Every structure is written in structure tokens, then in C-alpha cells.
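To start, the structure itself, in C-alpha cells.
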Amino acid sequence: MKIAMGLLALAAAAGTASASLYVEQESNNSSGTANNLNVVNGNLPFTLPGGSILVDGSLTGGGQNVAGDVDWFRFTIANTASNLVMSIFSLNNTSADSEIYLIGADGTTIIAFNDDGNPGGGSGFMSSLITANLSAGTYFLVITGDNDSGTTVGVPALPDGFNGGPAPVTGQGVGHGENFDYKFLIGFNLIPTPGAAALLGLGALAFGRRRR
């Protein structure tokens, strides 16, 4: 639990400026149908100086030659993020096994991937990522089930809901079988552009003179 609480604390620290709750909307199984996290309940959480979002979602498994559920989320930042913390927890299934991706704007470039990296989240198989210095731009966060990535046979493949890579592949045509509700916590800090930082400095200077 120490690891989970540490990630929660870090995300909370990153998210002191704004905090939002987002309920996942199906169908979001591809980059083209990804849920947009930039507008959450009327808030704009991905703005300076940063914030945090808690996503409430669920994952369902597939079957023979039927893809399992893959949840895609999209966000855009206008400033470099000094850190981005992502962690997924299941509250109703202690045997849940997730995989999470951070993917570039093209929907195909895997920037970061994690499997089995969050042993404090109620399961030894839930996932988390901490990414530093993420440049301004559009990105995708993806949640899927065990071995969708195919990491047991090599580097991660793009998530498609099947076990071990794109279907139909001999012996890999069964969709991942994970079924669980989850909470997906995202926390981040954004770095002002030089112009914005200068304006902030001037504002502080003016405030200081006024106090005198």
C-alpha cells in the first residue's frame, strides 16, 4: 500500500490547482474514439500550473476471436509537463491485471508502457507510470488487459484487445479476459513558457512594490 499511497500523494501534489472526476464513455476502443480529457465537467484541467483527474471506468474481456475492451483517452497540453503520474487501481477485483500505455499524437508511437508496476493498488498486477519532461502536444493514455501487449514474447505491441498482438495470429486470437472496474489517477505539473514565466515574474514584482 505504501507505493499506492506514494503515487496518490504525488498526484495530489501535482493536482492542487485543479481536480476533476471523469466517467469513462464507451465506445472508446481506438484512438479515433478516445475520450477527451481536456474538458471534464466544464473544467479545463490540462492548463497551467497543472492538475489531476480521476477517471472512473471499467474493462471487459473478449472471447474467441473477439477483442477485449481497450479504453483510450486523449489529452493535449500547451506547455511542457515536468512530470506526469498515472496509476490504475481496481477496487472490486484483487486479481485484476492491467496494462497501460502513453502513446503519441499519431496513435501508434509507444512513448511509455507498464505492466505489473503497482503492487500497492489492491493487486500485484496493476500498472503505473511516471514520465518526466513531456513536451507540449497531444497524447493518448490507454488501459487494457493482461498480455494485450504481447510482452511475454517481445517488446510491447499496440493495444488491440487480443492476447499478444494483432489478430488473427495463430494461437493469439483470443481477446484478453480481464473484467474489472477501475480508478485511473492522472496528476501533472506544467512548466510556463518563457513569456508566461516573465509575466508571472513581472506580476510578482509589481505586487511586491505595491505592498511597500
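Here, each number is a calculation from the coordinates, and none is a lab measurement. Predicted model, so just to flag it, every value in this text is computed and none were measured. Cβ: placed from backbone, ideal geometry, glycine included. Neighbour counts: every protein chain shown.
Neighbours of LEU91 by Cβ distance under 13 Å: Lys/Arg scored +1, Asp/Glu scored -1, total -1.
So for each of 25-34, 155-164, 67-76 I average, over its residues, the number of other beta carbons within 10 Å; can you give me the resulting order with the highest mean first?
67-76, 155-164, 25-34
Each residue of the range 180-191 was assigned a 3J(HN,Hα) from its phi angle through the Karplus expression (A = 6.51, B = -1.76, C = 1.60, θ = phi - 60°), giving 6, 7, 8, 10, 10, 9, 10, x, 7, 10, 10, 9 Hz with x at Gly and Pro.
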